[in-house]
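J.: Submitted below is the structure of interest, expressed as structure tokens.
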Amino acid sequence: MIRKAGLLWLGKRAGKNGFTFDSGQVAVEGYRRQRFRKFRSNREITFSSLDFSGLLTVKDTDLFGSVLFRGLGPAKGFGCGLMLVRRA
């Protein structure tokens, strides 16, 4: 269930960020649900994160370069969405 949802989430972002991937070559691991209180307002913040590892193919270097430097996803302020990329 989590693997399927994670791959669907990644797939929705792949094309518009200049890359593709084969779901058979991507591992989805490290599911974590984060919950904490915002310092000043005491409002609760909750989000989930996944770790992906595997192979992707860069289709548009400009789009991919942009996501590589700015991150992918909505929780970048909490350290999520960072990509570690190297040649296969």
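The values are calculated or read from the model by the stated rules, or taken from the named source; none is laboratory data. In this text, all values refer to a predicted model and were calculated from it rather than measured experimentally. Here Cβ is always computed from backbone atoms with ideal geometry, including for glycine, and neighbour counts include all displayed protein chains. Side chains are part of the model used for accessible areas, which takes the heavy atoms of the whole protein and leaves out ligands, DNA and RNA. Shrake-Rupley method; radii C 1.70, N 1.55, O 1.52, S 1.80 Å.
J.: Within region 18-25, can one find any residue that is modelled with pLDDT of 95 or more and not in a strand (DSSP E or B)?
T.: Yes, region 18-25 contains a residue that is modelled with pLDDT of 95 or more and not in a strand (DSSP E or B).
J.: For region 46-77: of the residues being exposed (fewer than 13 other Cβ atoms within 10 Å of the Cβ) and within 19 Å of Q34 (Cα to Cα), which is modelled with the lowest pLDDT?
T.: Taking the candidates together, the pick is G77.
J.: Mind checking which residues of region 30-45 are part of a strand (DSSP E or B) and open to solvent by 100 Å² or more (accessible area, probe 1.4 Å)? Break it down into steps so the answer makes sense when it comes.
T.: So the first thing to find is which residues in region 30-45 are part of a strand (DSSP E or B), and the list is 30-37, 44-45.
Matches in region 30-45: Y31, R32, R33, R35, R37.
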